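Every number in this text was worked out from the coordinates using simple rules, so none of it is lab data. These numbers come from a predicted model, not from an experiment. Here Cβ is always computed from backbone atoms with ideal geometry, including for glycine, and neighbour counts include all displayed protein chains.
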Amino acid sequence: MLSGKLKREASMIKICCRHQFQLQSCEFGTNSSIGTRIFSSSSHWKQVRFHNGSSRKPSTTLLPKQYLDAYDPKRFDPLTHQRNDVLFNPIDGTPPSADSHPATPKQEDTYDKSAYKYETSWLGTHLDRWRSDPSDFDLYWPISTNEELQNTQSKTKSTKRVLWSNWNADLVRDRDKSPILFQYDEILHNEDKCTEKRLLKALYQYGLVLITGTPTSTDSLPEEVMTEATKNATNSQERAEDAILHLASMIGYHPLQTLYGSGVWSTSSYSSFYNSDGSDGDAKVGSTADSAYGSTSLPLHTDMTYISNPPGVQIFLMVQPATATTSTFRGDQDSTIITPKGQSVYLDGFAAAEQLRKENSDAFHLLASTQRRYRCIDDAEGWHLEACGPLINAIQRENDWGPVTSIRHNDLDRLPDLPPYPSLTDNSNFTTFYEKLLSAHAAWDNILRRDEMRLVIDLECGDCVLVANQRCMHGRFAFDGSPFPRVVMGCYVGLDELGSKWKHSGFSFP
């Protein structure tokens with residue numbers, strides 16, 4: 001691969017005579033991949049308007065000249081988009097010695113040496129990312145105009161995440177008002193990719209998408225455990241597994257292989273369904289060491305907190321809802337009589353984090369700066385996974401926290417916390433650490449339990465929910481383990497693959 005590249009760029013290789021290191025160089029024409037050139041790093045800078053509509057003086061919005069010089073298109077290969085200004089030995093690939101590295105140019109030295117120009121949108125994206133102000137990335141529901149929801153032709157670089165609350169099932173199922181509702185038929189017939197773009201945009205903005213009318217036919221569910229409603233819904237020519245994989249390809253190219261399987265998985269309280277070896281020779285066994293396979297309620301959580309980079313998306317397809325239970329209970333916040341039947345619960349973790357930042361900045365700081373450990377063990381499958389990370393992952397600025405980038409929260413998988421290891425001269429009492437952490441976590445839980453933060457929806461057969469796993473949490477109500485099990489099928493999509501789809505669509509995020 002290296003030799004081919006050397007041949008292709010033989011005319012552009014410069015050898016440093018003393019150290020025999022190469023510096024590759026390639027020139028772009030006027031139509032560079034960065035786009036129409038508007039701003040020059042050597043010109044006088046104008047006021048730059050941020051995505052949130054605010055503007056700042058040049059002294060506070062100027063990107064470093066060294067940064068702009070390093071982004072010059074001439075420094076990138078036009079075919080591979082990799083840097084071509086890196087010094088290394090052309091024979092064995094070793095880096096240069098310290099005294100042969102070029103000196104970093106001073107800020108004033110680059111004003112007259114860089115003649116390239118950038119689009120204002122490119123500058124705005126990089127300024128926002130550098131500034132890391134939450135207001136540059138987030139809006140709050142309800143937004144003031146429907147234009148942001150409907151205009152798919154608008155510049156996607158200015159699209160912001162919408163932190164939602166006060167949602168209910170009627171709203172998200174309303175075809176005129178719901179910003180996250182899609183029909184599977186319109187996704188299936190997506191020749192112009194317009195629906196795919198809208199779906200990716202909704203998932204980016206809200207972290208949640210509801211798709212109705214998804215095929216639920218599957219050979220893996222025995223007929224004797226199907227309700228009549230499920231039997232009537234399984235006349236589709238497309239199988240549930242194929243529909244799930246189709247959705248995964250739209251938002252992340254392919255499903256993510258995890259300990260729960262290499263493709264589509266199923267959660268059910270019917271053991272012979274979710275943990276069986278099919279006679280067709282296809283292995284259907286996956287890890288079931290998770291409370292999702294029972295019939296108890298599940299607290300709000302994100303999935304797979306025990307791996308270094310949890311999945312980016314979960315696809316949940318309701319194949320067979322739970323049958324209605326005869327038991328009821330009274331809500332602890334009001335007098336509402338609730339009948340638990342496996343209702344799904346969703347919550348915007350970014351909205352919860354921002355609410356915590358407003359109400360209790362100390363708790364936000366502690367949950368954003370404390371590493372917490374999570375674990376998953378499956379003795380039957382031989383799994384033992386552990387990973388660490390803060391509950392709230394946010395960009396750390398000089399004196400405060402920037403926008404939230406991810407949530408890692410599952411109390412059922414969380415191990416006991418340890419304070420920072422003390423120095424030899426530190427004889428502090430650890431009680432203070434635990435008291436503060438317990439108080440911060442209680443403040444977080446207090447937000448998660450509020451009705452206005454929780455979307456409770458009774459998923460019907462054929463309802464499919466896409467959940468941005470590192471943003472939105474999910475849970476469920478309890479249900480009766482009847483002869484007709486509650487069956488949910490789905491798969492995971494990797495965060496890197498989802499991020500690639502978003503970036504390819506032009507969305508900017510921290």
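List, in the order given, every pair from LYS177/LYS341; LYS177/LYS197; LYS197/LYS231 whose Cα-Cα distance in the structure shown is over 22 Å. Mind dumping the intermediate values first?
Working: LYS177/LYS341 27 Å; LYS177/LYS197 19 Å; LYS197/LYS231 33 Å.
The pairs that break the limit, which is 22 Å between Cα atoms, are LYS177/LYS341; LYS197/LYS231.
Taking square-rooted eigenvalues a ≥ b ≥ c of the alpha carbon gyration tensor, is the range 433-510 rounded, prolate or oblate, where a/c under 1.5 means rounded and, failing that, a/b exceeding b/c means prolate?
oblate
Under 1.5 on a/c is rounded, so check that first for the range 384-423, then, if it is not, pick prolate when a/b is larger than b/c and oblate when it is not; a ≥ b ≥ c are the square roots of the alpha carbon gyration tensor eigenvalues. All intermediate terms of the calculation are to be shown ahead of the outcome.
On the way: a/c = 2.83, a/b = 1.34, b/c = 2.12.
Judged from the Cα gyration tensor, the range 384-423 comes out oblate (a/c at least 1.5, b/c at or above a/b).
How much length is gained if the chain between ILE307 and LYS231 is pulled fully straight, taking 0.36 nm per residue apart and subtracting their Cα-Cα distance, in nm to one decimal? Could you put the intermediate results ahead of the total?
On the way: separation 76, 0.36 × 76 = 27.36 nm, distance 3.77 nm.
Once the chain is fully extended between ILE307 and LYS231, it gains 23.6 nm.
For a test of the definition: using alpha carbon positions, the gyration tensor, and the 1.5 limit on a/c, classify the range 331-450 as rounded, prolate or oblate. Walk me through the numbers before you get to the answer.
On the way: a/c = 1.75, a/b = 1.25, b/c = 1.40.
In terms of gyration-tensor shape, oblate.
If you count, for each residue, the other Cβ atoms within 10 Å and average over each peptide, how do 430-441, 462-473 line up from highest to lowest? Let's see the in-between values first.
Working: 430-441: 14.2, 462-473: 25.0.
Order by mean packing, descending: 462-473, 430-441.
Placing +1 on the Cβ of each Lys and Arg and -1 on the Cβ of each Asp and Glu in the range 388-492, which of THR425, ILE457, ALA394 has its Cα farthest towards the positive end of the resulting dipole?
The residue sitting farthest along the positive end of the dipole is ALA394.
Holding the Cα-Cα limit at 21 Å, pick out from LYS65/LYS117; LYS117/LYS501; LYS160/LYS501; LYS74/LYS160; LYS65/LYS201 the pairs that are longer than that. Intermediate values should be presented prior to the final figure.
On the way: LYS65/LYS117 12 Å; LYS117/LYS501 27 Å; LYS160/LYS501 16 Å; LYS74/LYS160 32 Å; LYS65/LYS201 33 Å.
Violating the 21 Å limit, Cα to Cα: LYS117/LYS501; LYS74/LYS160; LYS65/LYS201.
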